[in-house]
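One structure is given below, encoded as structure tokens.
The values are calculated or read from the model by the stated rules, or taken from the named source; none is laboratory data. Computed from a predicted structure; not experimentally measured. A quick note on method: Cβ atoms are made from the backbone with ideal geometry, for glycine too, and the neighbour counts reach across all protein chains shown.
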Amino acid sequence: MKNNIILTLEYNLGWRIFILSFFIFSIYFSSIFIIFYINLLMFIIGLMCCLLFTFVFLDTIFFKRVIFTKFNVIKYWSIFGKNYINKIKYKDLKIIHSKKGYVFGTLNFTEKKAGFFKRFCFFVSLTPLQDETIKQVKQILIEKEILKGDEYDWNY
């Protein structure tokens with residue numbers, strides 16, 4: 001397997017701490033809408049935001065690495081010492097990219113015929129990654145014919 005690895009993505013510790021503190025603040029702020037129940041719409045919005053921020057917070061804590069091999073993309077989580085793996089072959093891969101602005105951006109790897117869990121749980125935050133690493137990811141996806149190479153939002 002080691003000779004099949006093309007690229008490994010891991011989070012920078014400083015950016016990971018920044019992201020975690022941002023999501024802690026976001027969870028706190030969205031829980032205010034739940035606690036101070038003004039109307040039903042604010043309660044629902046607060047609940048949805050709180051659940052989403054909690055999910056992304058936990059994913060950031062447990063994220064270990066994403067590995068691009070010759071044949072597939074693999075995401076590793078380490079939850080209380082046990083490793084969990086999510087693997088998608090390139091032929092079944094569909095990618096959604098939200099551009100990295102000043103702070104946040106994501107890569108969503110989805111399997112074309114996947115269930116909800118695989119579709120929802122395979123994303124990578126672009127904030128802790130350098131622009132050169134994102135360019136390498138783009139080049140790998142062009143070589144594997146997932147991207148055409150003319151995607152405007154991939155220009156860094």
Scanning segment 125-140 for residues that are outside any loop (DSSP other than H, G, I, E, B) and in contact with a strand residue (DSSP E or B) (Cβ under 8 Å, 6 or more places away or on another chain) gives 125, 133, 136, 137, 140
Can you find even one residue in segment 67-89 that is of a type in the set (S, T, N, Q), surrounded by fewer than 14 Cβ atoms within 10 Å (Cβ to Cβ) and either within 22 Å of residue 139 (Cβ to Cβ) or in contact with a Lys or Arg (Cβ under 9 Å, 6 or more places away or on another chain) (or both)?
yes
With the requirement that a residue be hydroxyl-bearing (Ser, Thr, Tyr) and under 18 Å from residue 10 (Cα atoms), what does segment 40-84 give you?
60, 69, 76, 78, 84
Against the condition out of contact with any Phe, Trp or Tyr (no Cβ under 9 Å at 6 or more places or on another chain), of a type outside the set (A, V, I, L, M, F, W, C) and at pLDDT 90 or above, how does residue 26 come out, does it pass?
no
What single numbered condition from (1) out of contact with any His (no Cβ under 7 Å at 6 or more places or on another chain); (2) in a strand (DSSP E or B); (3) aliphatic (A, V, I, L, M) fails to hold for residue 107?
(1)
Looking only at segment 104-133, and only at residues there that are surrounded by 12 or more Cβ atoms within 10 Å (Cβ to Cβ) and over 13 Å from the mean Cα position of the chain (by Cα), the one that is modelled with the lowest pLDDT
114
What residue, of 7, 47, is part of a strand (DSSP E or B) and either out of contact with any Lys or Arg (no Cβ under 9 Å at 6 or more places or on another chain) or in contact (Cβ under 8 Å) with a residue 60 or more places away in the chain (or both)?
7
Do you know which residues across segment 22-61 are hydroxyl-bearing (Ser, Thr, Tyr) and either in contact with a helix residue (DSSP H, G or I) (Cβ under 6 Å, 6 or more places away or on another chain) or surrounded by 12 or more Cβ atoms within 10 Å (Cβ to Cβ) (or both)?
26, 30, 31, 37, 54, 60
Could you please find all residues in segment 23-78 being of a type in the set (Phe, Trp, Tyr) and closer than 30 Å to residue 7 by Cβ?
23, 53, 55, 57, 62, 63, 68, 71, 76, 77
